[in-house]
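Here the structure comes first, spelled out in structure tokens, and everything after it is commentary.
The values are calculated or read from the model by the stated rules, or taken from the named source; none is laboratory data. Since we're looking at a predicted model, the values are computed, not measured. Virtual Cβ from ideal backbone geometry, glycine too; neighbours counted across all protein chains shown.
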Amino acid sequence: MKLYHGSNIPVETPRILTALHTADFGTGFYTTSSLSQAKRWSRVKARRRRKGQPSVTMFEFDIIKASVELEIKKFDSANEDWLDFIVSNRTGMYKGEKYDLVVGPVADDDAITVLDDYMSGAYPKEIALQLLEPQNLKDQYTFLTKKSLGYISLIGVEYFEI
């Protein structure tokens with residue numbers, strides 16, 4: 001299966017970046033199966049960082065082998081478990097089971113607004129879940145361990161204009 005990583009620089013050798021410790025699924029290397037999502041993210045990163053060029057690094061992911069050999073947490077939708085997991089990671093409070101790979105919906109810009117409002121106490125979990133339900137959230141495959149990175153191999157890099 002193909003996975004994509006969008007950034008302001010090509011990432012031919014993936015690493016687990018500790019700077020992402022409060023991201024959706026914690027410290028890891030984030031990818032998606034959506035080329036359009038990766039392109040959008042590459043442009044966002046280049047604008048925010050004011051350097052580099054939007055680029056999407058493409059990988060082949062051995063999902064069959066990984067499914068047998070890795071500890072994987074998969075969220076099929078933006079449900080209550082997903083929301084709890086995201087909030088605990090974004091607040092740096094996650095103390096649960098350790099996984100090699102986490103797969104599930106990505107909290108895009110609209111979803112982040114809902115998450116931020118929920119985390120600030122603006123409304124209860126049930127309302128947050130109702131607001132997230134109609135959103136067409138893309139996926140993210142987050143590699144959380146060095147071991148998990150061994151299941152992806154570089155295909156190539158594409159560059160884009162901002």
- Message: For region 61-80, check the following and say yes or no: at least one residue is touching a residue at least 24 places away in the same chain (Cβ under 8 Å), surrounded by fewer than 20 Cβ atoms within 10 Å (Cβ to Cβ), of a type in the set (Gly, Ala, Ser) and closer than 23 Å to Ala19 by Cβ.
- Response: no
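One line per residue, one yes/no per condition, for (1) touching a helix residue (DSSP H, G or I) at 6+ places or on another chain (Cβ under 7 Å); (2) of a type in the set (Lys, Arg):
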| position | (1), (2) |
| --- | --- |
| Trp41 | no, no |
| Lys45 | no, yes |
| Glu60 | no, no |
| Glu80 | yes, no |
| Lys95 | no, yes |
| Asp109 | no, no |
| Ala122 | no, no |
| Glu126 | no, no |
- Message: It is to be established whether one or more residues within region 132-146 are modelled with pLDDT under 90, over 24 Å from Pro14 (Cβ atoms), of a type outside the set (Phe, Trp, Tyr) and touching a Phe, Trp or Tyr at 6+ places or on another chain (Cβ under 9 Å).
- Response: yes
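Quick grid of which residues meet (1) part of a loop (DSSP other than H, G, I, E, B); (2) of a type in the set (Ser, Thr, Tyr); (3) under 30 Å from Glu126 (Cβ atoms):
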site: Ile9; (1), (2), (3): yes, no, no
site: Pro14; (1), (2), (3): yes, no, no
site: Thr31; (1), (2), (3): no, yes, no
site: Val68; (1), (2), (3): no, no, no
site: Ala78; (1), (2), (3): yes, no, yes
- Message: Cβ-Cβ under 8 Å, sequence separation 6+ or interchain: first residue in region 95-122 and among the hydroxyl-bearing types (Ser, Thr, Tyr), partner exposed (fewer than 14 other Cβ atoms within 10 Å of the Cβ) and part of a helix (DSSP H, G or I). Which pairs?
- Response: Tyr118/Lys125; Tyr118/Ile127
- Task: Kindly indicate which of Thr57, Thr113, Thr31 is β-branched (Val, Ile, Thr), modelled with pLDDT under 95 and on the phi < 0 side of the Ramachandran plot.
- Result: Thr113
- Hey, Gln53 assigned to a loop (DSSP other than H, G, I, E, B), among the polar types (S, T, N, Q) and under 24 Å from Glu161 (Cα atoms) or not: yes
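Have a look at Lys146, Lys125, Lys138 and point out the one that is touching a residue at least 60 places away in the same chain (Cβ under 8 Å) and out of contact with any strand residue (DSSP E or B) (no Cβ under 7 Å at 6 or more places or on another chain). Give the derivation first.
On the way: Lys125 fails: touching a residue at least 60 places away in the same chain (Cβ under 8 Å); Lys138 fails: out of contact with any strand residue (DSSP E or B) (no Cβ under 7 Å at 6 or more places or on another chain).
The conditions single out Lys146.
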- Message: Can you find, within region 109-141, the residue that is surrounded by the most Cβ atoms within 10 Å (Cβ to Cβ) among those that are among the polar types (S, T, N, Q) and under 20 Å from the mean Cα position of the chain (by Cα)?
- Response: Gln140
